[in-house]
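The values are calculated or read from the model by the stated rules, or taken from the named source; none is laboratory data. Every value quoted in this text rests on a predicted model; they were computed, and no experiment measured them. All Cβ positions, glycine included, derive from the backbone under ideal geometry; neighbour counts span all protein chains shown. Keep in mind that these areas ignore ligands, DNA and RNA; they rest on the heavy atoms of the full protein, side chains included. Shrake-Rupley method; radii C 1.70, N 1.55, O 1.52, S 1.80 Å.
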Amino acid sequence: MSVPARLDVSQAHPRLSELTVVDVRTPAEFASGHLPDAVNVPLDRLTRSLPELRSAAEHRPLLVVCASGARAENAAGTLVSRGIPASSLRGGTQAWTAEGHVLQHPDGSRTRAVWAMERQARFTAGVGVLLGLALGLLLHPALALLSAAIGGGLVFSALTDTCGMAVVLGRLPFNRRGAGSHP
């Protein structure tokens, strides 16, 4: 069975039992709620999991999911470039719940929700910019360069469609809680 590069929720929901859902969010994000029967392969572990994902794709097409769809689209592109057929879910788990579909929680319990990685990165960048400005005004003008460095990092992130800050944040302990399953 073939699937398009991107599926929206109305296309994915009726075919969910025919797909292997791969959630590329951090284990903590995954534990806060995921699509039914999804497996967790965090984005920073995607290349290490290529053999398992290739094997899973031989049985059922892969549907790659994240919170908003951006990380899933990047991950699906990586998989396709390595010869593994994959689609991404347009709008991610946010679109899934907006359409009224439920998320599964490990052991049926609801854990404290963890901010999506995009939100964590925006918050961290904002705090860094404000900190740089405050330190530049209060201690030494050169410390305002912290704000410039973060701005440069954001521009680089937009141009390359990558996010080094998200990689670092994904390694923090609160983003590692609630390890999910693998294919």
Output the residues belonging to the range 55-64 that are closer than 16 Å to Ser88 by Cα and outside any loop (DSSP other than H, G, I, E, B).
-> Ala56, Ala57, Leu62, Leu63, Val64
Here are some residues: Asp37, Asp23, Asp8. Which one is open to solvent by 10 Å² or more (accessible area, probe 1.4 Å), charged (D, E, K, R) and either on the phi > 0 side of the Ramachandran plot or modelled with pLDDT of 95 or more (or both)?
-> Asp37
Take the range 40-61 and flag every residue that is within 13 Å of the chain's Cα centre (by Cα) and open to solvent by 20 Å² or more (accessible area, probe 1.4 Å).
-> Leu43, Asp44, Arg45
Subset of the range 1-54 [of a type in the set (S, T, N, Q), over 27 Å from Met165 (Cα atoms) and assigned to a helix (DSSP H, G or I)] = Ser10, Gln11, Ser17
When the residues of the range 76-134 are filtered to those that are open to solvent by 60 Å² or more (accessible area, probe 1.4 Å) and β-branched (Val, Ile, Thr), which remaining residue is modelled with the lowest pLDDT?
-> Thr111
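Please verify whether the range 10-21 includes one or more residues that are aliphatic (A, V, I, L, M) and within 27 Å of Val168 (Cβ to Cβ).
yes
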Sort out which residues of the range 65-75 are open to solvent by 10 Å² or more (accessible area, probe 1.4 Å) and part of a helix (DSSP H, G or I), and write them in order of number.
-> Ala70, Arg71, Glu73, Asn74
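Thr162 - would you say it is closer than 27 Å to Pro61 by Cβ, open to solvent by 30 Å² or more (accessible area, probe 1.4 Å), modelled with pLDDT under 90 and of a type in the set (S, T, N, Q)?
Values: closer than 27 Å to Pro61 by Cβ: yes; open to solvent by 30 Å² or more (accessible area, probe 1.4 Å): yes; modelled with pLDDT under 90: yes; of a type in the set (S, T, N, Q): yes.
Criteria met by Thr162.
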Quick check: anything in the range 83-92 farther than 27 Å from Leu53 by Cβ and either without any contact (Cβ under 8 Å) to a residue 12 or more places away in the chain or touching a Phe, Trp or Tyr at 6+ places or on another chain (Cβ under 8 Å) (or both)?
-> no
